[in-house]
Amino acid sequence: MSWRSLLSIVSLFIVTKIVGRKELSQMTIFDYITGICIGSIAAQLAVEVDDPWHECLLVMGIFGGVHYLINLVTLKSLFARKFIDGCPIVLMQDGKISAKNLRRSKCDVNMFLEACRLEGYYDLANIHVAIMESSGKISFLSTEEANQNKTLVANVVIDGHIMKNNLKAIKKDEQWLLKKMQLQTVHDVKGMLLVTCDAKEQIVIYNKNEKDIDITHCLE
């Protein structure tokens with residue numbers, strides 16, 4: 001059994017390195033379920049001596065491989081990312097709670113109030129915007145920060161795709177965006193990793209093709 005335990009630990013380490021690392025708060029439901037399944041198979045490999053060890057390794061490899069492929073697809077495809085991981089949902093804005101978006105996010109009023117209290121907001125009047133992220137965590141922008149012009153920025157281009165709904169939300173269109181980008185000598189939307197627009201209608205462009213940061217040392 002000792003060698004099976006060692007094999008279980010080594011194989012679990014290899015699979016988790018291949019799949020990638022995320023903080024627990026960043027894990028999606030699929031990440032969480034896959035992790036539980038892989039952990040259960042690793043435990044079975046260690047203690048169930050009657051089960052063929054190679055079959056356990058095969059199943060772990062299948063789970064890890066499928067998870068890796070799904071992560072790869074969501075990294076490359078914006079549509080797949082929205083379908084699999086979901087999109088952030090605005091639960092509250094400008095003092096108004098959206099009952100429709102609460103239902104969409106499977107979050108009732110009591111759950112929302114609890115999340116507010118956990119972040120230190122006992123008075124909803126102190127919240128300017130509350131957004132449920134894809135991970136299920138709710139992020140907040142306080143009224144005080146909003147009064148200091150620390151407003152949310154709109155992501156108008158993501159991975160080379162123009163976010164039409166986000167443009168519509170800030171009452172702009174594609175022609176306006178293209179003109180703003182041309183003022184910064186940018187003509188190819190496909191080459192943009194991210195373009196944001198703030199409340200003053202100033203855009204910030206992050207290019208896909210920029211040279212990667214050269215990391216010359218590692219943290220120990």
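Conditions (1) surrounded by fewer than 16 Cβ atoms within 10 Å (Cβ to Cβ); (2) in the same structural domain as Gln93 (by TED's automatic domain parsing); (3) at negative phi, marked per residue:
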position: Ile138; (1), (2), (3): no, yes, yes
position: Thr143; (1), (2), (3): no, yes, yes
position: His161; (1), (2), (3): yes, no, yes
position: Lys164; (1), (2), (3): yes, no, yes
position: Lys168; (1), (2), (3): yes, no, yes
position: Lys171; (1), (2), (3): yes, no, no
position: Glu174; (1), (2), (3): yes, no, yes
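Quick one: which helices (runs of 4 or more DSSP H) sit completely within the range 44-136 and have at least 3 residues that are charged (D, E, K, R)?
Passing ranges, in order: 78-85, 99-104.
Here are some residues: Leu102, Leu69. Which one is over 22 Å from Ala146 (Cβ atoms) and free of Cβ contacts under 8 Å to residues at least 12 places away in the same chain? Break it down stepwise before answering.
On the way: Leu102 fails: over 22 Å from Ala146 (Cβ atoms).
Only one candidate passes the filter, namely Leu69.
The values are calculated or read from the model by the stated rules, or taken from the named source; none is laboratory data. Predicted model, so just to flag it, every value in this text is computed and none were measured. Every residue, glycine as well, gets a Cβ built from its backbone with ideal geometry; the counts of neighbours run over all protein chains shown.
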